[in-house]
Amino acid sequence: MNILVAGATGKTGVRLIEELKSNGHSPVALVRDSSDTSGFSSDVTLRHGDLTELNDDVCDGCDAVVFAAGSGGSTGPEMTEKVDRDGAKRLIDIATNAKVFRFVMLSTVGAENPDTDSKLGHYLQAKHDADEHLKASGLSYAIVRPVALTDEDGTRDMRFGDDVDVKGKAARGDVAAVLAQAIDDPEWTGKALHMQSA
């Protein structure tokens, strides 16, 4: 499948591109003009676009979409809303019109019931709103909600759902593997699950 990846140049996104290739898919990396694409091999297709102002044709020719983007911890509430909430919702709408096979969302633990008084409250609410928009879209979806991320590759030994320790860790390599798996694994259809590395 041709799979559009939003957030492709991020720490998880670069790993996801490689996972998709190893699974026999053709990743299409959504990148800004200023993005550093040096982490990609030459056979990765680049599609230029910005989550704050997406074109209607951004999903054209793609069978599935993975949203693995984030505004980053150093940006303020305004950019969190523009990328993590509004950018995700806009991409979901475009994907719906393009009738993609599956939309996989990288969310976060706590997005299911955001504590708006916490220091991450604004971010959790943005992710919650995006997740709910996806659920209501009519698309076939999967939502992965990892606990705190580490930059490790992981061992692919993972826990999901009620088995997850919300104060645990999730290796980015494991997260990328799950996102890639969720694209065509029927076990993930319509699921929103916590995830951690064991």
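Need a quick list: helices (runs of 4 or more DSSP H) entirely within the range 1-116 having at least 2 residues that are among the polar types (S, T, N, Q).
Result: 11-22, 88-98.
So how many residues does the range 69-88 have that are over 12 Å from T52 (Cβ atoms) and within 13 Å of the chain's Cα centre (by Cα)? So the answer is 1. Close contacts from the range 12-40, counting a first residue that is acidic (D, E) and a second that is assigned to a loop (DSSP other than H, G, I, E, B) and surrounded by fewer than 18 Cβ atoms within 10 Å (Cβ to Cβ), with Cβ to Cβ under 9 Å and a gap of 6+ residues or different chains, come to E18/S41; D33/D50.
Selection within the range 103-152: residues that are more than 22 Å from I3 (Cα to Cα) and among the hydroxyl-bearing types (S, T, Y). The member of this set that is surrounded by the most Cβ atoms within 10 Å (Cβ to Cβ) is Y123. Considering each residue of the range 58-79, count those that are touching a Phe, Trp or Tyr at 6+ places or on another chain (Cβ under 7 Å) and surrounded by fewer than 23 Cβ atoms within 10 Å (Cβ to Cβ), and give that number. Here the count works out to 1.
Applying the set (1) part of a loop (DSSP other than H, G, I, E, B); (2) surrounded by 15 or more Cβ atoms within 10 Å (Cβ to Cβ) to T155 leaves exactly one unmet item: (2).
Quick check on this structure: which one of T37, T45 is surrounded by fewer than 24 Cβ atoms within 10 Å (Cβ to Cβ) and at pLDDT below 95? Unique residue meeting the criteria: T37.
The values are calculated or read from the model by the stated rules, or taken from the named source; none is laboratory data. Fair warning: this is a prediction, and the values are worked out from it, not measured in the lab. Using ideal geometry, Cβ is built from the backbone for each residue, glycine included, and neighbour counts are taken over all protein chains shown.
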